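The values are calculated or read from the model by the stated rules, or taken from the named source; none is laboratory data. Predicted model only: the values in this text are computed from it and were never measured. Neighbour counts are summed over all protein chains in view; Cβ atoms, including those assigned to glycine, are modelled from backbone coordinates with ideal geometry. Side chains included, ligands, DNA and RNA excluded: accessible areas come from the protein's heavy atoms. Shrake-Rupley method; radii C 1.70, N 1.55, O 1.52, S 1.80 Å.
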Amino acid sequence: MKRKYIEAALIRLLATALLCASVGLGLPGKASAQNMADYTNYPIFLNQNVPPNVLFLVDMGNYTLEAAYAGSNHWYPLSYKTGTATVGAGNIPYYAANVTVDGATASGGGVDNTDLRAVDLNGNVLTGATESSPADTFNSSYAYYGAFDPLRCYSYSSNSFVYGSVKATVSDTCATSMWDGNFLNWLTMRKQEVIYQVLVGGRPLPAQANLDGTANSLAGTNLTGENGSTTGCTQSGGGSNITACWRYVKFVDNTTLSGRVPSGLPSPTVNLNSGGTITTGRFFGSGEGTIYVNDNATVSPFDDSPGNQYNIKVDLTSEPDVPSGTGVNGTCPDPNLSTFAGHRVCYMRERSLGVFQTMRLDNMHVAVMFVNASTGNGGSLQFAFEQNFIASSVTNIRNSQTQAYAPLAESLYEALCLYRKSQGPCYDNGTGTVWGTNY
């Protein structure tokens, strides 16, 4: 290497001598700006343009099922779980909420006696979080990220939220018959859904259509039970049979709701154990990919009628196609180009493509590893750097469920092993059990 640099220096000295000689002979010399290429020399292997290897290490633990947006020093922990702040004495369950409310006991001891608890980051009950001062409130000037477009107003039709109109700014209100997309993101999005939105464009339906960003719909998380439980959130016998789950309740005052939800939503008078009532707002529940709007005198919205339940699903195909274009094979940068794909196609790509797909479209080497201990592995490789991107790629990533443990340190170790191109498991937890991705 040193010899190469010496030879290059001698060549430059020889060129300088010849230039001086030409000037001395009266020949014209050509002036030019300095260029760093004239003063540098790199080894051949550094002159190659190689796409970077980008690995996404994704947490898939239970706590990703919490609400994505909470108040200051406030969170939405697991409901119905023994030993946490959301469970009281005597098997009376609490729902995680932004208010602390004791609802009136229902006749017959049904689910209506389920109370609400707001807790701080240390798990302490926030007794001051009342309906007049909730621990978590919607901020209309803040753009909340999620499956819904913050600049859209939606109608609800055929079990989906469909395009209604466009807002100029996120703080604008919607018509009295529509839902505000920004409000829906604050109300419904969970940490897992935000992760998926960034990674693969949310939960696209059908998933295999999202190779190029032409998913028809984006759906919410339909399983919010503990450890990916398929039983969801169930309760019977007045609270004696509890399934731990990440259901939560958000109370919103009527003033905030104006222009954010349809004016025709039920607004019942809610009875309290203290003998008082709540008439200043509505209780919204979120769980199993569904929005529950309270329609009776209890604080629990989860026992409402089917007509007051809304599927968390955005129909991207309802977007108007103006201007139209050449279709899915077209391009999206400029609607004035003859190759423009069309407004609807480009909007679908914008909303349903995550960084995973866009990086691959830019010819980068991208891999995805889940932090997953369900099978004794520190990390579960979902998509390898050299793997072919096919229809099932997005499906497999999207359909993975939460797990009881999320061993971040061990998964990071496995990620480093992947870069090292290890041919087998890497992490030994000290008990003879090897945690690895087996790639």
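What figure in square angstrom, to the nearest 10, would you give for the accessible area of residue 368 with a 1.4 Å probe?
So the heavy atoms of residue 368 present about 0 Å² to solvent.
For the full complex of protein chains and a 1.4 angstrom probe, list 156, 248 by accessible area with the highest value first.
So the residues, ranked largest to smallest area, are 156, 248.
Express in Å², to the nearest 10, the accessible area of residue 140 obtained by rolling a 1.4 Å probe over the protein heavy atoms while all chains stay in place.
Surface open to solvent at residue 140 totals about 40 Å².
In nm, to one decimal, how far is the residue 159 label point from the residue 72 one, both placed 7 Å along Cα→Cβ?
About 4.3 nm separates the two model spin labels.
For labels at residue 198 and residue 358 in the simple 7 Å Cα→Cβ model, what's the distance in nm?
1.3
Roughly how many whole Å is it from the C-alpha centroid of the range 165-188 to that of the range 304-322?
13
What FRET efficiency do you get for residue 212 and residue 420 if R0 is 22 Å and r is their Cβ-Cβ distance, rounded to the nearest 0.05?
FRET efficiency, residue 212 to residue 420: 0.10.
Just to be sure I understand the model, the point goes 7 Å from the Cα along the line to the Cβ. What's the resulting residue 305 to residue 365 distance in nm?
The two pseudo-label positions are separated by 6.0 nm.
Once you sort the root eigenvalues of the Cα gyration tensor of the range 314-376 as a ≥ b ≥ c, which label holds: rounded (a/c under 1.5), prolate (a/b larger than b/c) or oblate (the other case)?
oblate
What number comes out for the charge environment of residue 306, summing +1 per Lys or Arg and -1 per Asp or Glu over other residues with Cβ under 14 Å away?
Net of charged neighbours comes to -4.
Distance cut-off 21 Å, Cα to Cα: go down the list 250/313; 167/191; 81/313 and report the pairs above it.
As for pairs spanning more than 21 Å Cα to Cα, those are 167/191; 81/313.
Starting from 0.36 nm per residue, how many nanometres of slack lie between residue 168 and residue 137 once their C-alpha separation is accounted for?
Additional length available on full extension: 8.9 nm.
As a test question: what accessible area, to the nearest 10 Å², does residue 362 have when a 1.4 Å probe is rolled over all protein chains in place?
Surface accessible to solvent at residue 362 totals approximately 110 Å².
Which value does Rg/Rh take for the range 123-164 over its C-alpha atoms, Rh per Kirkwood?
1.16
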